[in-house]
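Read through the structure below, which is laid out as structure tokens, and then see the notes.
The values are calculated or read from the model by the stated rules, or taken from the named source; none is laboratory data. Quantities reported herein were computed from a predicted structural model and do not represent experimental measurements. Ideal geometry is used to build each Cβ from the backbone, glycine not excepted, and the neighbour counts take in all protein chains shown.
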Amino acid sequence: MSAHSDTLSRSGSLSLARWLSSLPMLVILVLTLLASVGETLHSRLLEVGSATWPDYFNLRVIDRLEQPRCEQHPDLGQAVEVAVRAKQAELAEDPFADVFGGQIDREAIHESLRRQAETCRGEWSRWQRLQALNTPAVTAFATMEAGLSQAVIMVTGNRRVLLGLMLLFCAAAATLRRQHISLRPVESQQDDRVATVAQLVANALLTLSAWLYRQQELAQAAAGMPLAHLFMHDIWVTGFGLLTVISAYQLSQSRTDLSRTGSWPRALLSVPLYSVMCLSAALQFMFHGFYHGIAVYLNMMAELSALFLSLGLYVWVGMLLARSHLPRKVFDVIRPWQLPPKWLGVVVLLLTALPTAYSGASGIFILAAGMTLYRELRRAGTSEQLALATTAISGSMGTMLRPCLLVVIVATLNNSVTTDELFSAGARVLLLTALVYTLFVLLLGGRSSLKTASPMQAIPGMLRALVPLLPYIAAFAAVVMVWELLLDRGLDEFSAPAILPLVMLLILAMERWLLKEADPDLGQPETSPDQPVPVGYRQAVLRATDDSTALIGALLMLMALSVSVGGLIERSGLLELFPDSLGSVWLTLALLMGMLVLIGMIMDPYGAVLLVNATLAPIALGNGIEPLHFWVMTVLAFEMGYLTPPVALNHLLTRQVVGVPVAWESLHGTFWQRNFRFILPVLVMGSALLIVTFLPQLSETARSLLLASAPQTVLG
């Protein structure tokens, strides 16, 4: 049996295990997707109904409308007499009637009764018209629309529950598979024990915090205070308790696949970052008597459940992309040009900007396509350090392009900037960063030829490579056109979390069923007349979901604890030491830039945005910095932080998909050679950040070139 057949056999034997581990997450992701699609579809159905039938909004609830009970054509003379007698009886019983006047105005009573009769006839006319319009077609359409409405309300009303289940289920998967993000991988038994003990303590503290918060909320509810979403406390307590049990079990099991030798400093670096954040925040909260502080901020995170659920969909899109042949076929278009490593790096950064934006966050794209980028760069002759640096930077190139989720969160949290302004400025920042990268690579990348293939040789090969991409373009266009025609919605930052999963599911179906292409990790199988080509669509979706589970868990746990750390910083009063007015906009920009980079080094982007919006943004606006300038600088400073040691999240994720460096210069070279993968991104992003921070303040021309928006009036 061939090696490929062995791989397929092993894949088949794992199908049941993958079903068991992937099915719950697949259900959560599908429900999240259906909620997003359902909201848009229901809105469209209401538009179609109102455009097709007059008074559709009354027709859809006609079974709940009561028939008018008034009389359309009353005898006004008799009615006036009845009203007069009733008024006389009332005046007879009123001892003060003579004081305030006891005369009865028959004309006024007659006019009032006449108007009531007109109103009654109008009600009967509307009722009869609705009955005439209530055809079987309207009833069927309204039944379908109402059913969809109830389903959407049921799912969207439980988004908190979905987020809680997603976070805890995925965190359990990341814990069981030991895939939480840390500064260095576990390599020895000592590393594993230290990391597991840290997770055990952190999970126990999370459970205790959730339990204490639950008891406090139940006591307030018993005292009569109206509280919502009490059931979430049970989810947090149960979930974190399960994580604690998993960590305790892992601590009792010694791993035999690791070396026995190790050192304490290296072991401490293997502790997951979420555990470090949890321990730091919990100790500080306890010092201030705020024992349930972490759980409080977890519930604050749930307020933005729709955004964090979208993050889960973006991770799923990234893993579906990794299961497709699309990244390889895109590189096939570039390969005929035989680009030297330096030019290839520039092209890679520009090509990856848009997928980075559509994946919602830099780390997701690195996890999805980082290995493909690294392999193609190495195949072109790029050094290991430059390939690692370029792969890490690629995750930061499109974070301000439409429809990036981070920009949507920024615009959602405050009204000082719009997504259009940020996306417009983001395109210019992308070109600036690519230019800076090109200059540094040309200056620092050593001597090498910059010669490429001639257009006469490259263009025919590029055109041939474009042909296999046509089905992918057609699939993408088909989904977007159907969405546009049926739902009257385009592809933007709000529809992307719903459209992109559908596009990737269609692409995988096309590859497996029409193109007969196997999983990229398996390679193309050897075909024979009596051995059909394996398609494996279900296996590909399950594997992508399975891969997504642990990654979502690692990212969401990091984000959840980042929100707590942000709350700790906010409550500590450290940011209040920042003067409200520094007297110099230049000094303000410099201090803000340093603080934003520091926040980006220790926090995830979404938790960092929440913190900055509540603390630093008012300070910046109060010191005369324009909102658009501040938020563009903020996002770029975050990206700088994700590339800057000691944490350098983008580098950690690159290492997770590529592995640790093994080349001679990475292990035995000079300091510059060993750390070039860190130095180059810091130089590139740092230079771009300095330009974006200070240049717009120098002249209006520079501001227009970089931010592409007229300055706004800032209220100090």
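Okay, here's what the table says:
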| read-out | value |
| --- | --- |
| Search result, residues across the stretch 241-270 that are closer than 23 Å to residue 173 by Cβ, crowded, with 21+ Cβ neighbours inside 10 Å and modelled with pLDDT under 95 | 270 |
| Single residue of the stretch 242-252 satisfying the filter (touching a helix residue (DSSP H, G or I) at 6+ places or on another chain (Cβ under 9 Å) and not aliphatic (A, V, I, L, M)) that is nearest to residue 207 (Cα to Cα) | 244 |
| Residue check for residue 635: touching a helix residue (DSSP H, G or I) at 6+ places or on another chain (Cβ under 8 Å) and part of a loop (DSSP other than H, G, I, E, B) | no |
| Subset tally (residues that are part of a helix (DSSP H, G or I) and touching a residue at least 24 places away in the same chain (Cβ under 8 Å)) for the stretch 215-232 | 3 |
| Answer residue from the stretch 640-666, given it is part of a loop (DSSP other than H, G, I, E, B) and surrounded by fewer than 18 Cβ atoms within 10 Å (Cβ to Cβ) and is farthest from the chain's Cα centre (by Cα) among those | 663 |
| Residue ID - nearest to residue 28 (Cα to Cα), chosen from residues in the stretch 290-336 that are at pLDDT 85 or above and in a loop (DSSP other than H, G, I, E, B) | 323 |
| Complete set of residues in the stretch 156-177 that are in contact (Cβ under 8 Å) with a residue 12 or more places away in the chain and more than 18 Å from the chain's Cα centre (by Cα) | 172, 173, 174, 175, 176, 177 |
| Residues that are farther than 18 Å from residue 237 by Cα and small (Gly, Ala, Ser), drawn from the stretch 282-314 | 289, 305, 306, 310, 312 |
| Filter result (surrounded by 13 or more Cβ atoms within 10 Å (Cβ to Cβ), hydroxyl-bearing (Ser, Thr, Tyr) and over 11 Å from residue 336 (Cα atoms)) within the stretch 449-484 | 472 |
| Test: residue in the stretch 571-580 that is assigned to a helix (DSSP H, G or I), surrounded by 22 or more Cβ atoms within 10 Å (Cβ to Cβ) and not basic (Lys, Arg) | no |
| Scan of the stretch 132-155 for residues that are more than 33 Å from the chain's Cα centre (by Cα) and in contact (Cβ under 8 Å) with a residue 12 or more places away in the chain, ordered by number | 133, 134, 138, 141, 142 |
| Failed item in (1) more than 30 Å from residue 544 (Cβ to Cβ); (2) out of contact with any helix residue (DSSP H, G or I) (no Cβ under 8 Å at 6 or more places or on another chain); (3) not charged (D, E, K, R), with residue 45 passing the rest | (2) |
| Within the stretch 402-419, tally of residues that are in a loop (DSSP other than H, G, I, E, B) and in contact with a helix residue (DSSP H, G or I) (Cβ under 8 Å, 6 or more places away or on another chain) | 7 |
| Residues being modelled with pLDDT under 90 and surrounded by 21 or more Cβ atoms within 10 Å (Cβ to Cβ) - total across the stretch 595-624 | 16 |
| Failed item, numbered, when residue 127 is tested on (1) in contact with a Pro (Cβ under 7 Å, 6 or more places away or on another chain); (2) modelled with pLDDT of 90 or more | (2) |
| Residue among 345, 370, 363 that alone is modelled with pLDDT under 80, in a helix (DSSP H, G or I) and either among the acidic types (Asp, Glu) or touching a Gly at 6+ places or on another chain (Cβ under 9 Å) (or both) | 363 |
| Long-range neighbours under 6 Å by Cβ, at least six apart or interchain, first residue within 11 Å of residue 479 (Cα to Cα) and not assigned by TED's automatic domain parsing to the domain that holds residue 40 within the stretch 494-521, second of a type in the set (A, V, I, L, M) and not in a helix (DSSP H, G or I) | 499/491 |
| Meets criteria (of a type in the set (Lys, Arg), over 28 Å from residue 432 (Cβ atoms) and either modelled with pLDDT under 80 or in contact with a Phe, Trp or Tyr (Cβ under 6 Å, 6 or more places away or on another chain) (or both)) for residue 571 | yes |
| Odd one out for residue 637 among (1) crowded, with 24+ Cβ neighbours inside 10 Å; (2) touching a Pro at 6+ places or on another chain (Cβ under 9 Å); (3) small (Gly, Ala, Ser) | (2) |
| Breaking point among (1) at pLDDT below 90; (2) within 29 Å of the chain's Cα centre (by Cα), for residue 223 | (2) |
| Residue in the stretch 602-614 that is more than 24 Å from residue 695 (Cβ to Cβ), among the small types (Gly, Ala, Ser), out of contact with any Ser or Thr (no Cβ under 6 Å at 6 or more places or on another chain) and in a helix (DSSP H, G or I) present | yes |
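For (1) surrounded by fewer than 24 Cβ atoms within 10 Å (Cβ to Cβ); (2) in contact with a Cys (Cβ under 7 Å, 6 or more places away or on another chain); (3) among the small types (Gly, Ala, Ser), each residue gets a yes or a no:
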residue	(1), (2), (3)
370	no, no, yes
375	yes, no, no
385	yes, no, no
393	no, no, no
400	no, no, no
408	yes, no, no
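One line per residue, one yes/no per condition, for (1) at pLDDT below 90; (2) assigned to a loop (DSSP other than H, G, I, E, B); (3) not charged (D, E, K, R):
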position: 451; (1), (2), (3): yes, yes, no
position: 460; (1), (2), (3): no, no, yes
position: 471; (1), (2), (3): no, no, yes
position: 477; (1), (2), (3): no, no, yes
position: 485; (1), (2), (3): yes, no, yes
